[in-house]
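S.K.: Pasting in a structure now, in structure tokens, and then I'll have a few things to ask.
None of the figures in this text is laboratory data; all of them are computed from the coordinates on show. Since this is a predicted model, take the numbers as computed values, not measurements. Counting neighbours? That spans all protein chains shown, and the Cβs are built from the backbone with ideal geometry, glycine included.
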């Protein structure tokens, strides 16, 4: 039977790392470990990594200490678990290699802290220096090669636009982007006017994407991440629908029981709170 990690809280960081190591040893023990954990590899847990990252982000945005503690722990554990899987999968990667490359990279990317370079005047200057070093290190790679394909589409569009802007390809300001949005919406309207939506999916998808991209770029020019703007809308929308549900519940009804006029009235009431 695998050795059980001693109960917490740990006496210090080294003790905590030791407990985590014992935990991973137990879960991945070939004889007495967990069947689910033993069946995983670095590909199978990729969605779990993404989910845990989003759950941590939600806790960070809410500012809930208990939630942050739990979700940061879940992500930390999953990354440690991933390191073990990478070692097991024969990729020549282990926790030590991951930590070493991360530390070395951060030292290289912060010569103003560790290398005696002049200190940039502000955070924007630090980012400019970071990207300049990154371009030198990845000499010859395409402009967008470091923007992950797996990013959510809005976040990826934001990153693509920012990188293109760094290379000098961008609109001059928000008003220019706003005019571009009008242009894209006119092209979308043209496709909508043709009707026959079922057989025009390819063109409609293209024009919708162009309009969304223009709106995302407007968000970037205004200094508001498009993911943040849409997330704020989603939260407002869910809150207002929740209010409408509670109002109808007082009469023993649900949203499905109300007509459109009543729902519109409740929506306006929710907005006016």
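S.K.: Answer with a single label: of [x] 54, 48, 35; [y] 64, 58, 42; [z] 53, 42, 36, which was calculated as Cα extents along the principal axes in Å from the structure in view?
M.R.: Entry [y].
S.K.: Per DSSP helix of 4 or more residues, -39500 (n - 2.57); summed, then divided by the residues of the chain. What does that give at 222 nm, rounded to the nearest 500? Walk me through the numbers on the way to the answer.
M.R.: Details: 12 runs with 185 residues, N = 273.
Rounded to the nearest 500, the figure is -22500 deg cm²/dmol.
S.K.: If you line up the long axis of helix 174-193 against the longest principal axis of the chain, both from Cα atoms, how many degrees apart are they, to the nearest 10?
M.R.: Result, in degrees: 70.
S.K.: To the nearest 10 degrees, how steeply does helix 123-137 sit against the main Cα axis of the chain, on a 0 to 90 scale?
M.R.: 70
S.K.: Taking Cα pairs under 8 Å and at least six residues apart, what relative contact order does the chain come out at, in percent? Mind dumping the intermediate values first?
M.R.: Details: 170 pairs, mean separation 24.9, N = 273.
Computed value for the chain: 9 percent relative contact order.
S.K.: Ok, one more. Pull out the extension gain between residue 243 and residue 135, defined as 0.36 nm times the separation in residues minus the alpha carbon to alpha carbon distance; nm, one decimal. Show your work: numbers first, answer last.
M.R.: Values: separation 108, 0.36 × 108 = 38.88 nm, distance 5.00 nm.
Between residue 243 and residue 135, full extension yields 33.9 nm more.
S.K.: Can you put 212, 244 in order of Cβ neighbours within 10 angstrom, beginning with the fewest?
M.R.: Working: 212 17, 244 20.
Ranked by crowding around the Cβ, least crowded first: 212, 244.
S.K.: Under Stokes-Einstein, with the Kirkwood radius over Cα pairs standing in for Rh, what whole-number D in µm²/s applies to the stretch 1-96 at 25 °C and 0.890 mPa s? It would help to have the intermediate numbers written out before the result.
M.R.: Working: Rh = 14.5 Å.
Estimated via Stokes-Einstein, D reaches 169 µm²/s.
S.K.: In whole Å, what is the distance between the alpha-carbon centres of the stretch 169-208 and the stretch 1-28?
M.R.: 56
S.K.: So, in Å, what gap is there between the alpha-carbon centers of the stretch 209-245 and the stretch 68-135?
M.R.: 30
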